[in-house]
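The values are calculated or read from the model by the stated rules, or taken from the named source; none is laboratory data. What you see is a predicted model, and the numbers here were worked out from it, not measured in a lab. So basically every Cβ, Gly included, is an ideal-geometry build from the backbone, and we count neighbours across all protein chains shown. Keep in mind that these areas ignore ligands, DNA and RNA; they rest on the heavy atoms of the full protein, side chains included. Shrake-Rupley method; radii C 1.70, N 1.55, O 1.52, S 1.80 Å.
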Amino acid sequence: MTKSLPVGCVLLLLLAACGRGSSQPEVAATIRPEPVVVYAAHDDPTYWPGIFAGFTRETGIRVTVRQRDAATVVNEVIENHGSPPADVLLTPSVHGVWQAADAGALRPLRSDALTARVGEALRDPDGYWVAARARTAVVAHAAEFADAADIAEFTDLGKATYDGKLCLTSSSLPLNRVLIANLIDRYGAREAELAVRHWVRNLALPPFGSEASLHDAIADGTCMLGILSSDAAAGQPTIDVVTGNGAVVDIDGIGIARHAREPESALMLIEWLIGSGAVALSTPTRVRPVARAAWRIDEAIRLAERAGYD
């Protein structure tokens, strides 16, 4: 026969148990969300980590930036490779983020805040990506070159007037590919190729490997004219060329990976990036939709090869 404990003993045991429990740390209160993993490509490997440090300070959510070249990070997201897996894809041109969306590797960005803050021309019509940064194609010219005022279209750079005066950067640079894709979209492949062939005919020097090199060549008068991004043209007199329904713009594109493990934190990061002023998203009032150029990039690459534009 089992004897039951007196009521007083039972109470003492319960109090002792409670006392032991209260001495344990509050584990749940110290748990932090898992890091947001960003797959990114940028010439400066410190750029995006420096930007995202502000997000961590404000929210307590850590950010891990995995950096590779643009083609690699896009492929890793499409194939769901890489460790840790991507939550966010951040590409230095619209083509990369468009490729990922087209391959079904991104999930929709359901955010009224992003829709309100990012202009329609700078986001995916289907809602899979938005611009994180934007830069406009401009014609930069030497200060003493008065004839530059006659340029109204990028195709004007092919006029015989500018023979031996034009300089370009390599056709492999993302902005040049977007520009040629826009020419195809506006004029058709035949007229666009003719325009690019005329650019090549007018070149004073072989294409430069970087925008910084072309900037310096225009500054010292080696080149009279050149096409640069609005970021790279700082300090030079420029012409903002508006073609058709707006200026030609390329973007850093951002979206959430389809297999993201932290999709909520990923969306918070994107909304913070766009809304906090951490990056500049100022663009001309009239902008040609970046998505329309994105799906013509492969065609633009082939056109440049045919035209002899290295």
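Some values worked out for this structure:
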read-out: Filter result for Arg258 (among the basic types (Lys, Arg) and closer than 24 Å to Leu89 by Cα); value: yes
read-out: Matching residues in the stretch 196-212 - criterion: being open to solvent by 10 Å² or more (accessible area, probe 1.4 Å), touching a residue at least 40 places away in the same chain (Cβ under 8 Å) and part of a helix (DSSP H, G or I); value: Arg197, His198, Val200, Arg201, Glu211
read-out: Those residues of the stretch 236-262 which are within 14 Å of the chain's Cα centre (by Cα) and either farther than 27 Å from Ile78 by Cβ or aliphatic (A, V, I, L, M) (or both), in sequence order; value: Val249, Ile251, Ile254, Ile256
read-out: Residue among Arg66, Arg20, Arg62 that alone is over 25 Å from Asp250 (Cα atoms) and modelled with pLDDT of 95 or more; value: Arg62
read-out: Number of the condition not met by Leu281 [criteria: (1) aliphatic (A, V, I, L, M); (2) open to solvent by 10 Å² or more (accessible area, probe 1.4 Å); (3) modelled with pLDDT of 95 or more]; value: (3)
read-out: Unique match (being under 16 Å from Val290 (Cβ atoms) and at pLDDT below 95) among Ala121, Ala100, Ala131; value: Ala121
read-out: Candidates Ala233, Ala300 - the one that is more than 30 Å from Ala113 (Cβ to Cβ), within 20 Å of the chain's Cα centre (by Cα), touching a residue at least 12 places away in the same chain (Cβ under 8 Å) and in a loop (DSSP other than H, G, I, E, B); value: Ala233
read-out: Residue count for the stretch 143-180, restricted to those that are closer than 18 Å to Ser230 by Cα and part of a helix (DSSP H, G or I); value: 11
read-out: Subset tally (residues that are surrounded by fewer than 24 Cβ atoms within 10 Å (Cβ to Cβ), within 11 Å of the chain's Cα centre (by Cα) and within 14 Å of Gly127 (Cα to Cα)) for the stretch 88-108; value: 0
read-out: Residues being farther than 18 Å from Ala86 by Cα and part of a loop (DSSP other than H, G, I, E, B) - total across the stretch 38-68; value: 4
read-out: Pairs, first farther than 16 Å from Ala219 by Cα in the stretch 157-172, second hydroxyl-bearing (Ser, Thr, Tyr), C-beta under 7 Å, six or more apart; value: Ser171/Tyr309
read-out: Among (1) over 21 Å from Glu271 (Cβ atoms); (2) part of a loop (DSSP other than H, G, I, E, B); (3) open to solvent by less than 50 Å² (accessible area, probe 1.4 Å) - the single one Ser83 does not satisfy; value: (3)
